[in-house]
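A short worksheet on the structure shown next.
None of the figures in this text is laboratory data; all of them are computed from the coordinates on show. In this text, all values refer to a predicted model and were calculated from it rather than measured experimentally. Note that we place each Cβ from the backbone using ideal geometry, even for glycine, and neighbour counts take in every protein chain shown.
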Amino acid sequence: MAAAFVGRVAFFAISMVLLSSFATATDFFVGDNDGWKLEYNYTKWAQDKVFHVGDVLVFKYNNNSHNVLKVNATSFKDCVTSDPLETFQSGHDWISLQSPGKKWYICGIAGHCADHQMKLVINVLADGPAPAPTSSSHSLVSSLAVMVTAAMIAVAAIFA
């Protein structure tokens, strides 16, 4: 009976460790405190960041003045807004990075991309977990998972 209990505790502990790895996704606030706006260098903003599948881009902006279009490489280069892959216009868009590879985003308001450089290109990596989370909710989930795992291991050790 004690062996079955230890087995269940070990399974639960391993599950918590695996779940905590999902909590390491990072929320990237595009433009940091400046948000999505005219005359901002988004290439410079992105240059020191590493994006992974599961991370989230957060675009914050005035939705009366801007939007976000996910586009292909050609539309990005030429600031073509007529055929976006996706359109976001809430003013507080959370875009989950679901697959690896290059991702291109532009503002679809006339002139904002071409004349004011409202464009962002990133490369999303598939390998490994993202760096430490920037969101307090992710940190809380990760911390709780580690604490629960440690408690379960301690209980398993007592009954071993």
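Values for this structure:
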item: Distance in nm between pseudo-label sites at LYS102 and ASP127 (7 Å out along the Cβ direction from Cα); result: 2.1
item: By average C-beta atoms within 10 angstrom, highest first, the peptides 26-34, 41-49, 54-62, 99-107; result: 54-62, 99-107, 26-34, 41-49
item: For segment 32-93, fraction of C-alpha pairs farther apart than 19 Å, in %; result: 39
item: Square roots of five times the Cα gyration tensor eigenvalues for segment 81-128, Å; result: 22, 13, 10
item: Under 19 Å between alpha carbons - lysine pairs in segment 21-93 that sit 8 or more apart or on different chains; result: 7
